[in-house]
Amino acid sequence: MASQLKYKRILLKLSGEALMGEDAYGINTGVLEFVAGEIKQVVEKGVELGVVIGAGNIFRGVAGASKGMDRTTADNMGMLATVMNSLAMQDALERTGVITRVMSAIPMQSVSEPYIRRRATRHLEKGRVVICAAGTGNPYFTTDSAAVLRALEIDADVVIKATKVDGVYDKDPMKFNDALKYESLTYDEVLQKGLRVMDAAGIALAKEDNLPIMVLDMGVSGNISRAAFGECVGTLITA
């Protein structure tokens, strides 16, 4: 089974908002269990999986900064919120029998391991899911940038960005019925068209090393598995 995989090592980027489900904020346990089931399905097929989770469901750094809070303080709070999401995901995964490690860029050894690239790679080789928490550990960087950075560090074959929509559109499909979906894009097209796939720093970083990014709908069961076998179930961004 593993020999048929197109992407043997994947970095999965989950948005914090996606974990809210239909709730106004926080973590929806039903969504958490669904995502854990999807990840288990992928791991059982032989995929080595790293995960980066955002914090929009708890605290968004930029939102805090726009209301007068110091940007560095706001971003630090946002990074701590990603640790909360990561611990919740670890718990959900381990209840399904998937061995998981949370590795934080901000040292907090009571609840997680420190992020060390070689150690993260070793966990992956042993079949453990590695959740990389606290972004890059630095303010002014989004979790999108952190996802691309971690993917490059662990030699991932692809970044899968799991969202609430089934790909990248020319405008918000939630607001416009005539929004057009892209099957594929180049890094330059994403930047030139100003498409809000992920921040420009993350796209530029992926472009530099030609790291493919696939954007897909997290809510469709089996999507991540199909992507691992090379099926384009969303929008693929490459050179």
Of the listed residues (Val111, Val102, Val62), the one being modelled with pLDDT under 95 and farther than 11 Å from Gly135 by Cβ is Val62
Which one of Asp199, Asp172, Asp144 is surrounded by fewer than 19 Cβ atoms within 10 Å (Cβ to Cβ) and within 23 Å of Ser86 (Cα to Cα)? Asp199
Note on Asp75: of the conditions (1) within 17 Å of the chain's Cα centre (by Cα); (2) charged (D, E, K, R); (3) surrounded by 20 or more Cβ atoms within 10 Å (Cβ to Cβ), unmet is (1)
Output the residue which, of all residues in the stretch 36-45 that are over 17 Å from Val233 (Cα atoms) and buried (at least 19 other Cβ atoms within 10 Å of the Cβ), is nearest to the chain's Cα centre (by Cα). Ala36
Apart from one, (1) of a type in the set (D, E, K, R); (2) buried (at least 20 other Cβ atoms within 10 Å of the Cβ); (3) farther than 19 Å from Leu11 by Cβ all hold for Glu48; the odd one out is (3)
Could you list, in sequence order, the residues of the stretch 172-216 that are among the aliphatic types (A, V, I, L, M), touching a Cys at 6+ places or on another chain (Cβ under 9 Å) and farther than 17 Å from Val159 by Cβ? none
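This table checks each residue for (1) β-branched (Val, Ile, Thr); (2) within 15 Å of the chain's Cα centre (by Cα); (3) more than 23 Å from Glu38 (Cβ to Cβ).
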residue: Lys164; (1), (2), (3): no, yes, no
residue: Leu185; (1), (2), (3): no, no, yes
residue: Glu189; (1), (2), (3): no, no, yes
residue: Met214; (1), (2), (3): no, yes, no
residue: Val233; (1), (2), (3): yes, no, no
Flag for Lys181 being among the basic types (Lys, Arg), within 22 Å of Ile237 (Cα to Cα) and surrounded by fewer than 20 Cβ atoms within 10 Å (Cβ to Cβ): yes
Within the stretch 1-28, which residues are of a type in the set (Ser, Thr, Tyr), over 19 Å from Arg60 (Cβ atoms) and surrounded by 13 or more Cβ atoms within 10 Å (Cβ to Cβ)? Tyr7
Checked the stretch 81-119 for anything under 16 Å from the mean Cα position of the chain (by Cα) and of a type in the set (A, V, I, L, M, F, W, C); matches are Ala81, Val83, Met84, Leu87, Ala88, Met89, Leu93, Val102, Met103, Ala105
The stretch 90-205: strands (runs of 3 or more DSSP E) wholly inside it with 2 or more residues that are free of Cβ contacts under 8 Å to residues at least 40 places away in the same chain are 100-104
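The values are calculated or read from the model by the stated rules, or taken from the named source; none is laboratory data. Values in this document were obtained by computation on a predicted structure and should not be read as measured data. Positions of Cβ are backbone-derived with ideal geometry, glycine not excepted, and every protein chain shown enters the neighbour counts.
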